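What follows is a single structure, written as structure tokens, with notes after it.
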Protein chains: 2
Amino acid sequence: MPDVEGFWAVVPAGGAGTRLWPLSRAGHPKFLLDLTGSGRTLLQATVDRLTPLTADRVVVVTGAAHADSVRGQLPGLPRDRVLAEPSPRDSMAAIGLAAAVVERIDPDAVVGSFAADHVIPDTGAFHTAVREAVEVARDGHLVTLGVEPTHPATGFGYIRAGEPLDGASTALRALEFVEKPDAERAAAYLETGGYRWNAGMFVARAGTLLDLLTRWHPALAAGLREIAAEPARLDDLWPQLERIAIDHAVAEPAAADGRVVVVPAPFTWDDIGDFASLGSLLPVEEGVAVLGDRDLVHAADTRGLVVPAGGRRVAVVGMDDVVVVDTPDALLVTTRARAQEVKGVVEALRAEGRTHLL
Amino acid sequence: MPDVEGFWAVVPAGGAGTRLWPLSRAGHPKFLLDLTGSGRTLLQATVDRLTPLTADRVVVVTGAAHADSVRGQLPGLPRDRVLAEPSPRDSMAAIGLAAAVVERIDPDAVVGSFAADHVIPDTGAFHTAVREAVEVARDGHLVTLGVEPTHPATGFGYIRAGEPLDGASTALRALEFVEKPDAERAAAYLETGGYRWNAGMFVARAGTLLDLLTRWHPALAAGLREIAAEPARLDDLWPQLERIAIDHAVAEPAAADGRVVVVPAPFTWDDIGDFASLGSLLPVEEGVAVLGDRDLVHAADTRGLVVPAGGRRVAVVGMDDVVVVDTPDALLVTTRARAQEVKGVVEALRAEGRTHLL
């Protein structure tokens, strides 16, 4: 299949992944890590997955601190395709800046945003859904990919879908975006069948996205277009930009206005939010998932996840549902059931001023 | 109190402590480690506990591989008071060689054997019991200290005690030594009240011990006395010595012959056989016992033992009954309930030829 003419991928590469400490650190966050044992980092796998659709039309937006690492991991990407944010201004500024840059190169371009730390094993199904999203987006819609839920997750937002857009595609009207639900509400969402996970994958003409933004956040849209026109003004203008997520800035008001379309995404998707999620993505042998060199692990009568990233021998005896993450300067032992609480360790270390471990 | 005239301590320093892997290794076995957080190794604490009774009359017997470490840890001990075994020949040869060496220095000497890896917090009660044992031993008895059991342990042998020896002391006739019992039998032993733990603490005149040995193992006794007379012959004679434990060689037949006396030892005693035992000896804060720098440990809603001996941060979240032992080249995670099975890890590593980790 040829690539999709005029389609650009925007890859926001941010987020510390604190629930994956001590593997993920501020200095090498999860998108820079190979968390699937594939030999490619999450960022590299994301770009690998996109380039059959975009060829070299990929823009990565990341924090200034990670720009060199990102360029190092993507040696084929021209230097100016990595946009470095002087400071974090949330997802609307990041994606919007990339859209504004792309808009200047090709006023008719369609952009799609795909976070650098997501895992989608079925590349074929992903391509099919994105191709359809791009075609729908050419008509001026803001399109989002709605991931088919596999369980009543409380860690994701949901999209409520309505009637089909028309007879030509699988796309549906998106009625609203809803925040992360509690367990009861999540179960109810699954039961109705009308809800899909919001994976933050938005596809729209660059101009559509920025024009929608102009309606609700005109100063932000103008600032982004000014930076794209005069990149030298980035450091001056960036700190004044509004700090807001793309969902709140554009997706929610546009949905209320009938401007959003959801394309069903019938593939497995995960954002590896914690070690329970990571463990479920890895092959399990004799009860134990290992990320890294299985030869370093001696597990006896144990179920769980072991990450021997410290290069040392890791012996685990008689543990049920355990998570052991060994790194050169820090070690974590917990259970998959308590994986969310790892965030608390990071907060405690920060409170104690142990920033070298963060 | 003055020291006990003519009393010599023999300290067998052996045993790999495989159930304490990866803390205890073949190269630095448990007696060379500070396992109580006192700032003194088990060997040093053993000698510290004995010198008020013996002054400088202490002989340590250890494997040739550890002789330098032992001398390094005991700088006050004359070099020739550390006897280096060319190869392991079990406890009778080790203790018997020391007895033979002491016998040549002082034919009337009383020797007492006290393993280098035991923990006895109440030094005063220990001294009282040993002083009494020495007095009884001067009359030609083989005396053993019988530790008051605190629970129906299955990891220790027991001594069945009979009638009082005479009115002058608390000593009792020892009727028999029994092997490590199963749980049911151990409970029955405790119920009768007539059984004590065999802690391997034997006190006798050096001559008595060797003469008793001569009755049942004449070649072994003669060989030990020949080596003591001509130390240069150690390497020649040692490999020919019978390999047998002191319990089987002397204590059991002598008890059957009515020659053994037990002095009650009303003090807490532990041989730190595994991590469950180690954890019970350490102070517990918020559910967690730490051996080492508590500042390295972040424990949240956790009960168990953490040994941060790798110098790294150790975070444990939501674990019940956990044992985490971190060292520079190997890490163990298990439960106190499964602590005995650590031996299996060591056996597996040996089978795989990973001798550098043993």
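Points worth noting:
- When residues of the stretch A:188-210 are limited to those that are under 24 Å from the mean Cα position of the chain (by Cα) and assigned to a helix (DSSP H, G or I), the one surrounded by the most Cβ atoms within 10 Å (Cβ to Cβ): A:L209
- Against the list (1) modelled with pLDDT of 95 or more; (2) under 16 Å from A:N198 (Cβ atoms); (3) surrounded by fewer than 22 Cβ atoms within 10 Å (Cβ to Cβ); (4) in contact with a Leu (Cβ under 9 Å, 6 or more places away or on another chain), the condition A:G273 fails is (1).
- The listed residue being touching a residue at least 40 places away in the same chain (Cβ under 8 Å) and in the same structural domain as B:G27 (by TED's automatic domain parsing), out of B:R259, B:R336: B:R259
- The stretch A:120-139 - residue that is of a type outside the set (D, E), in contact with a Ser or Thr (Cβ under 9 Å, 6 or more places away or on another chain) and at pLDDT 95 or above and, of those, surrounded by the fewest Cβ atoms within 10 Å (Cβ to Cβ): A:A125
- Cβ-Cβ under 7 Å pairs, at least 6 apart or on other chains, the stretch B:103-128 side in a strand (DSSP E or B), far side among the hydroxyl-bearing types (S, T, Y): B:V119/B:T36
- The condition (being of a type outside the set (V, I, T) and more than 19 Å from B:F7 (Cβ to Cβ)) is satisfied by just one residue among B:G76, B:G63, B:G124: B:G63.
- Within the stretch A:82-102, the set of residues being touching a residue at least 60 places away in the same chain (Cβ under 8 Å), small (G, A, S) and not in a helix (DSSP H, G or I) comprises A:S87 only.
- Filter result for B:I272 (closer than 27 Å to B:K343 by Cβ and hydrophobic (A, V, I, L, M, F, W, C)): yes
- Within the stretch B:31-54, the presence of a residue that is in contact with a strand residue (DSSP E or B) (Cβ under 9 Å, 6 or more places away or on another chain), in contact (Cβ under 8 Å) with a residue 24 or more places away in the chain and within 21 Å of B:A222 (Cβ to Cβ) is excluded.
- Where helices (runs of 4 or more DSSP H) sit wholly within the stretch A:242-358, those with at least 2 residues that are within 14 Å of chain B (Cβ to nearest Cβ) and over 30 Å from A:F126 (Cα atoms) occupy A:342-351.
- Any hit, the stretch B:55-69, residues being surrounded by 22 or more Cβ atoms within 10 Å (Cβ to Cβ), within 18 Å of B:F114 (Cα to Cα) and over 18 Å from the mean Cα position of the chain (by Cα): yes
- Qualifying residue in the stretch A:12-20 (condition: in contact with a helix residue (DSSP H, G or I) (Cβ under 9 Å, 6 or more places away or on another chain), buried (at least 24 other Cβ atoms within 10 Å of the Cβ), within 14 Å of chain B (Cβ to nearest Cβ) and at pLDDT 95 or above): yes
- Of the residues B:A16, B:A26, B:A65, B:A9, the single one that is part of a helix (DSSP H, G or I) and among the hydrophobic types (A, V, I, L, M, F, W, C) is B:A65.
The values are calculated or read from the model by the stated rules, or taken from the named source; none is laboratory data. For clarity, every value in this text was computed on a predicted model and none was experimentally measured. Positions of Cβ are backbone-derived with ideal geometry, glycine not excepted, and every protein chain shown enters the neighbour counts.
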